[in-house]
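One structure is given below, encoded as C-alpha cells.
The values are calculated or read from the model by the stated rules, or taken from the named source; none is laboratory data. Given the structure is predicted, the values throughout are model-derived calculations rather than measurements. In this analysis, Cβ positions are derived from the backbone assuming ideal geometry, glycine residues included, and neighbour counts consider all displayed protein chains.
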C-alpha cells in the first residue's frame with residue numbers, strides 16, 4: 001500500500017479521533033524504512049493538550065488511539081502501520097515540514 005492509499009484508508013480513523021477530541025485534524029505519514037518498497041508507515045499525530053492532560057501519560061493515550069484504530073480500519077490497513085506517534089501541540093515543529101519558501 002502506498003502513502004496516498006493509506007491516507008485514504010485512515011480517513012475514518014482520523015475523523016473519529018478528531019471527533020473524540022484526541023487529535024488535531026491532520027495525520028502525518030512517513031516511511032518506516034525510507035527507500036524500501038513496499039514499506040510500512042509511521043503515523044504521526046498532534047494530540048490536543050486537554051486530552052493528553054486527562055490521559056495522564058502517553059501510554060494510556062496510545063491505548064485509546066489503538067482502540068479507535070481497530071474500530072475504524074481493516075486488518076489489511078493496520079498491517080501497513082509500523083507505529084503511531086503522539087506529539088503534543090508544543091511539539092508540532094518536530095513533525096510538520098517547514099513551509100515552502102517562494103523563489104524570488
When you go through (1) at pLDDT 85 or above; (2) in contact with a helix residue (DSSP H, G or I) (Cβ under 6 Å, 6 or more places away or on another chain); (3) farther than 15 Å from residue 12 by Cα one by one for residue 55, which number turns out not to apply? (1)
Among (1) part of a strand (DSSP E or B); (2) touching a residue at least 40 places away in the same chain (Cβ under 8 Å); (3) surrounded by 12 or more Cβ atoms within 10 Å (Cβ to Cβ), there is one condition residue 83 misses while meeting the rest; what is its number? (3)
Of everything in the range 46-61, what is loosely packed, with under 14 Cβ neighbours inside 10 Å and either touching a residue at least 40 places away in the same chain (Cβ under 8 Å) or outside any loop (DSSP other than H, G, I, E, B) (or both)? Give them in sequence order. 49, 50, 53, 54, 59, 60
From the list 71, 91, which one is in a helix (DSSP H, G or I), out of contact with any helix residue (DSSP H, G or I) (no Cβ under 9 Å at 6 or more places or on another chain) and modelled with pLDDT of 85 or more? 91
So residue 64 fits all but one of (1) in a helix (DSSP H, G or I); (2) touching a helix residue (DSSP H, G or I) at 6+ places or on another chain (Cβ under 8 Å); (3) touching a residue at least 24 places away in the same chain (Cβ under 8 Å); what number is the exception? (2)
Does the range 35-46 include one or more residues that are modelled with pLDDT of 90 or more, over 17 Å from residue 82 (Cα atoms) and within 15 Å of the chain's Cα centre (by Cα)? yes
